[in-house]
Amino acid sequence: MSNSKFSRRGVLKTGMVASAGLALPQYLRADAHAGFTNAPGDSEVILGFNVPQTGPYADEGADELRAYELAVEHLNGGGDGGMLGTFSSKALDGTGILGREVKYVTGDTQTKSDAARASARSMIEKDGAIMITGGSSSGVAVAVQALCQEAGVIFMAGLTHSNDTTGKDKRANGFRHFFNSYMSGAALAPVLAANYGTDRKAYHLTADYNWGYTTEEAVKSSTEAMGWETVNAVKTPLTQTDFSSYIAPVLNSGADVLVLNHYGGNMVNSLTNAVQFGLREAQANGKNFEIVVPLYSRLMARGAGANVAGIFGSTNWHWSLQDAGSQAFTRSFGTKYGFPPSQAAHTTYVQTLLYADAVTRAGSFNPCAVAEALEDFEFDGLGNGPTLYRGADHQCFKDVLVVKGKENPENEFDLLEIVEVTPVEQVTYAPDHPQFAGGALGTCNPGA
Amino acid sequence: MDQFILQILNGLDKGSAYALIALGLTLIFGTLGVVNFAHGALFMLGAFVAVTMSKLLTLSHKVVDETRTDFLGNPLQVEVPYIYDWFGQATGDVIIDWAVPISIIAAIPVMIAIGFIMERGLIKHFYKRPHADQILVTFGLAIVIQEIVKYLYGANPIPTPAPSAFVGSFDFGVALGFDPNAIIYPYWRLVYFFFSIGIIAAVFAFLQFTTFGMVVRAGMADRETVGLLGIDIDKRFTIMFGIAAAVAGLAGVMYAPINSPNYHMGMDFLVLSFVVVVVGGMGSLPGAVAAGFLLGILESFASMSAVIDFLPGINQIIIYLVAIIILLTRPRGLMGRKGVMEE
Amino acid sequence: MGILEVKGINKRFGGLQALGDVNLSVAENTTHAIIGPNGAGKSTLLNVLVGKLIPDSGSVMFDGQSVLGRKPHEINQMGISRVFQTPEIFGDLSVFENVMIPCFAKRDGAFRMHAIESIFAEKDIQQQADEILSDVNMLEKKDMTASSLSRGDKRRLEMAMCLVQDPKLLLLDEPTAGMARADTENTINLLKEIREQRGITMAIIEHDMNVVFSLAERITVLAQGMPLVEDTPDNIKGHPKVREAYLGEAQV
Amino acid sequence: MLGLEKKDLRLLLIVIGLTMLAPFILNPFPEGSEMAQFNAGYPDLMQRFVIFGIFAIGFNILFGLTGYLSFGHAAFLGVGSYAAVWMFKLLSMNVLPAIILSVIIAGLFSLLIGFISLRRSGIYFSILTLAFAQMSFALAYSVLTPITGGETGLQLALDDPRIFGAAQTATGNIPVPALFGLEMRASYELALGNWLFTFNAGYYLAALFLILSFYLAIRIFRSPFGMMLRAIKSNQTRMSYTGLNSRPYTLAAFVISGMYAGLAGGLMASMDPLAGAERMQWTASGEVVLMTILGGAGTLIGPVLGAGMIKYFENIFSKINDTILHGWFAFLPDGLENFVVAIIHPFIGKGWHLTLGLVFMLVVIFLPGGLVQGGQKIAAMFRRKQPEDAKSKATEPAE
């Protein structure tokens, strides 16, 4: 018995079975189609952009949405084409995807896994979305990725940095372009060693949830490998707003580096608090005291204002990169919206292009065909240099940027400067690396 | 020992923030009996008075600088604050630097006005309504205020630094004979602490030593009788609401440099402030203040890494755990009055 | 041996001796009044009897069982009902429901999980409720919300709620407080009627001498927490100590 | 019939009719039309309507009847969904044992929390329940990650034991929740002209539970127990001086409503096998409070309406974006179109919270008894307009 597990509204909407008031009990319509969820009709294809529109990450979500709209414009042949011109694969020609015009629906993840799944399900069930993308936290990414696996659609993760997304929680239908905790650690460690020496004592403050754990582990292991010592690692509650009681003891703990494994609002507050306590000017063990933020977000760094100056961190992409792809993207984004794009905007734009390209190369919207086309796909020209979408865990491998907060930013967008572009070899790991252990990709699910 | 002193200091500082927020809430909630879910929004509005002030002070006009280019390669438009034109750059910078203290002056009338409008326009009609209705209407109001702020200022936190004179920390350790850096505390947090104490003292003095305060206290105890005496208690309650809003707002203004304000900071503090008020005991101002300090200090101790190592997760739940223990051992919190919101 | 035997009750609130060695014996099938000037400890005594306060020492025996340490609802289940100074009724419920509740309490005890049965199927309870409402002349008001009743009707309703439980002892806390003279008369008559027709033992705490002397068969006088005298109304009337206590109050 | 009075039976029949025909009622607009945006007749949202309906009905048994305002009821829903997902992981993908276990676990958890919290009343009780729920949330999100999945939520995995079922499907995927082989996500689609109606197995299972829950709630409301609960709300002093012990009554009500929450949690996990910690956060507890008050606390149908309204806003309004707005107003001249879109823009998409907040305020200001009272007002208006009609209808035998 084959059931229609998820509706295929897209067909009806576009192909419009106008059977003039005739009751058509279309039970088990699966065979009538290509055999996968939400197979699009002949004229248009619907993508689901699921981003945080309310809650603390709403601005990041808004930037992602801008990038998606830009990507759709470019895919449909509008605008200046952005990174379509610099992308190494030339399959996309600005006529939509496989000749179908790209349409999209939007939803609000609220940065809650429940709400994100509800929103994604409505896109799949109601709007007939063939692919879901977006999100601004790992919890949401992992939750929606599992849902897409179950529903039989492709999930192109947005901003998600936890190892788990392509580690223990990886799924065959899910793909991540963004980098991860391990890569941050691997990229940061040598730069930190070069700048601060190998004889350092680190104190970690870690957000008490999955992403925090994986980031702490990654930074700890890669810095310890270089000779650093970890003095202490303290977990801080997600809902904490005032970190003073966690930061006050740091200076007297024997540590001379503070690592803030925090993101978003947590990062803004803990960094602001740390600077208030004078840690940046302080001396410890005869050295200058230093602060490190493993994952930087320029949007969020804005909230910390001048406090970011001189502080090292890593980022997936930055608009000041000089390669042709980055420049093309920054130009078309900046022209349309009047300010440079964030790394969240970049990764979501790239993910949309990569999906469209994979469909075109596969010649089918079937998620299994798309997944096959994405797996071990090598490309260039999308802002991160030569990149591999590894088939074993659906993680992109590319250069990682180590950045530093600018001392004298010229404007509110010019907060970070690139210190080093860590080459991809240095951040590559084996699929069965212990930090990514457990879980299995499974097999791709095309739905009913 | 030094760690211990450090966390007490920390707890006092945290506690003063809690006490100040709870004080405003308890004026409305514990004494007027209105379940005010919009109190957090008032706190947030206070912080955004500071944000607005610094935006106003840096209100700029654009000057094209041909020598530099922006990220798209066009000539750079440099923003020049009007205040530079009026006072010159040096004085202008000082004024901008002092935006937060300046906004305290602005916050008092603004917040009192907001409080008046809220009370006269909305809350007044809900004194006699069931608490359920009060919850719904104030929650709705809180969402609306929050969304308007989000619409105007975005969702991200906005840095609102303290004057540069207050940057850095005071080293208590040296003063007390410990190693340097053992007990340091940021100047601005010390300012916050003393500011809070000052406001709390002022509110108490106001209620204790003025006729107005006496009437209001009598009105809290027995509204009808005071009404019978021909005293217009409603008008006084409106003023009380204004004062409560001002206290919440001042708490917010001063908090802005500690954590960059964002539109949902009110909601983040809302639950906590309710817990503080109730643990302090309904209808008791000293109770709210005491509970604020108690929870602040305990929270600080719970965040010490030795404590967390011993009891993982204790820092996550300490406030709630303490609230449960206190409410189970003392039926009306620390200093609650009998019969206030017990039904 | 009375149905209610209070022996040597002491209760202190801080430094204040609220009750000092109080003895009281209420004989079955009588009306016993407890009087005394303000602050004499009448209310404290009443609260001890119903389990709201626990005395520091002494014993309270009701129908051969100790009352002390029991909760108000347990004491009610032993057969003591209480009428309050200002009527305590279920204001949000209908008059009919107000009297059904004590019927359930009497039949099913302090708690029963009858969550699925329909209230409309409880014919015996409904009948009892109807009967008591017609006894107090409130049958035509049975569907009204209790809070919308007049003050007199509220008191009658509360009385009905107590009577329907068929208590062994009815405690009345100033049943005529704040009433106009005509209402007071009505209440006196109502209580007399109850006393005669139902044979319920009553203990009345009262301030109004007129009421006391119209109803009581025995009177205990309290002053400053101490039992002054206990006697028949006639003997109490001319008792010098009583006069002194009340005059003393009047002077203040 | 069914031990119900005529009025209640009618209400039950209305609820049965509405839930059974929901796929039609919620999809009034043809596919592809501009108004299709407002269609809510897709499985996920329909399931959410009934599941949150159950949650709110249960909450109302406590709050509406006894007046005890629990601010931590989401904890029971969360615990229920964790229990269900663990059943899926350990036992099998059959939803029945999962739902049963979630009700039991939530019942036990609420017994514990209720037993402690009910030692206090009023606001003190509210804060105790809030504190317990916040502790549950904070711990589930962090240190209990091995049991709860923490941030990412508790999910199924390919290597789960599932001792009474297959760990994986033939195609190497995680099996989906099913009722004896009937998959919860299975749908039957009916196309009538341009209309498309979806009949989803999971929805109908949840709807069945809603009807049962609703029926049980009516019975409780009309039972002596229900009357006792209302009496507690009305006057606790009189309650105890009438020989009734309020504590077991309130505790029973607390546990019943906790079990309702557990049922909702179990169903939620059955429809979508993931349990996230945010389900237990105070905002989630606050949501059910708002649903109940919005619909009308203490009324039978109110909480269901309140739940439906909030979920509708959350899922439908949040998905309207400017592109859609431009589509709607494309018929207007350009300038006017942009103007209208700019006016509506703050209230849709990312502004859906604003709309919801305004709705809360408007409802409580103009309909003090919630949506139910609004409905009654409208009904009364019609009755006044056509008294003759109403009378002639009333004389007809109501079957």
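Annotations
- Condition check for A:Gly48: touching a residue at least 60 places away in the same chain (Cβ under 8 Å) and part of a strand (DSSP E or B): yes
- Pair list, Cβ under 9 Å, 6 or more apart: the stretch B:58-69 residue within 14 Å of chain A (Cβ to nearest Cβ) and without any contact (Cβ under 8 Å) to a residue 12 or more places away in the chain, other residue in a strand (DSSP E or B) and of a type outside the set (A, V, I, L, M): B:Thr67/B:Pro75; B:Arg68/B:Pro75; B:Thr69/B:Pro75
- Residue in the stretch A:77-85 that is under 24 Å from A:Phe365 (Cβ atoms), over 16 Å from the mean Cα position of the chain (by Cα) and within 14 Å of chain B (Cβ to nearest Cβ) present: yes
- Some residue of the stretch B:56-69 being assigned to a helix (DSSP H, G or I) and either surrounded by fewer than 24 Cβ atoms within 10 Å (Cβ to Cβ) or not hydroxyl-bearing (Ser, Thr, Tyr) (or both): yes
- If the condition is being over 21 Å from B:Phe71 (Cβ atoms) and assigned to a loop (DSSP other than H, G, I, E, B), then the stretch A:368-398 contributes A:Glu375, A:Asp376, A:Asp380, A:Pro386, A:Arg390, A:Gly391, A:Ala392, A:Asp393, A:His394, A:Lys398.
- Residue selection: C:Phe62 fails the criterion of being within 10 Å of chain D (Cβ to nearest Cβ) and touching a residue at least 40 places away in the same chain (Cβ under 8 Å).
- Which numbered condition A:Val359 misses (of (1) in a helix (DSSP H, G or I); (2) closer than 28 Å to B:Gln77 by Cβ): (2)
- Qualifying residue in the stretch D:245-259 (condition: in contact (Cβ under 8 Å) with a residue 40 or more places away in the chain, hydroxyl-bearing (Ser, Thr, Tyr) and away from chain C (no Cβ under 14 Å)): no
- Within the stretch C:107-121, not a single residue is facing another protein chain (nearest Cβ under 7 Å), among the polar types (S, T, N, Q) and within 18 Å of the chain's Cα centre (by Cα).
- Scanning the stretch A:254-271 turns up at least one residue that is within 14 Å of chain D (Cβ to nearest Cβ), surrounded by 22 or more Cβ atoms within 10 Å (Cβ to Cβ), at negative phi and in a strand (DSSP E or B).
- Matching helices (runs of 4 or more DSSP H) fully within the stretch C:165-247 where at least 1 residues are among the aromatic types (Phe, Trp, Tyr) and modelled with pLDDT of 85 or more: C:209-215
- Where a residue in the stretch B:200-215 is farther than 17 Å from B:Gly287 by Cα and its partner, wherever it lies, is not in a helix (DSSP H, G or I), with Cβ under 8 Å and at least six apart: B:Val215/B:Ile231
- The stretch D:32-80 - residue that is farther than 21 Å from D:Ala284 by Cβ, part of a helix (DSSP H, G or I) and away from chain A (no Cβ under 13 Å) and, of those, modelled with the lowest pLDDT: D:Met35
- Any chance D:Gly17 is surrounded by 21 or more Cβ atoms within 10 Å (Cβ to Cβ) and part of a helix (DSSP H, G or I): no
- Only one entry in D:Ile324, D:Ile310, D:Ile293 is more than 14 Å from chain A (Cβ to nearest Cβ) and in a helix (DSSP H, G or I), namely D:Ile293.
- Residue list for the stretch A:280-306, restricted to those being within 14 Å of chain B (Cβ to nearest Cβ) and over 25 Å from the mean Cα position of the chain (by Cα): A:Arg280, A:Glu281, A:Ala282, A:Gln283, A:Ala284, A:Asn285, A:Gly286, A:Lys287, A:Asn288, A:Phe289, A:Ala306
- Of all residues making up the stretch C:107-139, the number that are under 18 Å from D:Ala252 (Cβ atoms), in a loop (DSSP other than H, G, I, E, B) and touching a residue at least 12 places away in the same chain (Cβ under 8 Å): 2
- Residues considered: A:Phe155, A:Phe179, A:Phe175. Of these, the only one that is buried (at least 24 other Cβ atoms within 10 Å of the Cβ) and either without any contact (Cβ under 8 Å) to a residue 40 or more places away in the chain or assigned to a helix (DSSP H, G or I) (or both) is A:Phe155.
- Only one entry in A:Thr95, A:Thr86 is surrounded by fewer than 20 Cβ atoms within 10 Å (Cβ to Cβ) and either within 24 Å of A:Gln395 (Cβ to Cβ) or aromatic (Phe, Trp, Tyr) (or both), namely A:Thr86.
- For the stretch A:358-375, the criterion of being surrounded by 22 or more Cβ atoms within 10 Å (Cβ to Cβ), within 13 Å of A:Ala71 (Cα to Cα), assigned by TED's automatic domain parsing to the domain that holds A:Gly94 and modelled with pLDDT of 95 or more is satisfied by no residue at all.
- Restricting attention to the stretch B:114-137, the residues being at the interface with chain D (Cβ under 9 Å from one of its Cβ atoms) and in contact (Cβ under 8 Å) with a residue 12 or more places away in the chain number 6.
- For the stretch B:277-296, taking the residues that are at the interface with another protein chain (Cβ under 10 Å from one of its Cβ atoms) and assigned to a helix (DSSP H, G or I), the one that is farthest from A:Thr54 (Cα to Cα) is identified as B:Val279.
- Selection count where residues are on the phi > 0 side of the Ramachandran plot and of a type in the set (Gly, Ala, Ser), scope the stretch C:121-150: 0
- Filter result (modelled with pLDDT under 85 and polar (S, T, N, Q)) within the stretch D:369-394: D:Gln386, D:Ser392
- Just one residue in the set D:Ile147, D:Ile105 is farther than 26 Å from B:Ala132 by Cα and either at pLDDT below 95 or acidic (Asp, Glu) (or both); that residue is D:Ile147.
- Failed condition for C:Ala40, given (1) buried (at least 22 other Cβ atoms within 10 Å of the Cβ); (2) farther than 30 Å from D:Ser234 by Cα; (3) among the aliphatic types (A, V, I, L, M); (4) at pLDDT 90 or above: (4)
- Residue match in the stretch B:39-53 (condition: more than 30 Å from B:Val277 (Cα to Cα), in contact with a Phe, Trp or Tyr (Cβ under 6 Å, 6 or more places away or on another chain) and at pLDDT 85 or above): no
- Enumeration of residues in the stretch D:316-360 that are of a type in the set (D, E, K, R) and closer than 21 Å to A:Asp108 by Cα: D:Lys319, D:Asp322, D:Lys350
- Of all residues in the stretch B:171-182, those that are more than 12 Å from chain A (Cβ to nearest Cβ) have Cβ atoms under 9 Å from Cβ atoms of residues that are surrounded by 17 or more Cβ atoms within 10 Å (Cβ to Cβ), 6 or more apart or on another chain, in B:Val174/B:Asn181; B:Val174/B:Ala182; B:Val174/B:Ile183; B:Ala175/B:Ile183; B:Leu176/B:Asp2; B:Leu176/B:Ala182; B:Leu176/B:Ile183.
The values are calculated or read from the model by the stated rules, or taken from the named source; none is laboratory data. Please read these numbers as outputs of a predicted model, since none were measured by experiment. Please note: Cβ atoms are built from the backbone with ideal geometry, for glycine as well, and neighbour counts cover all protein chains shown.
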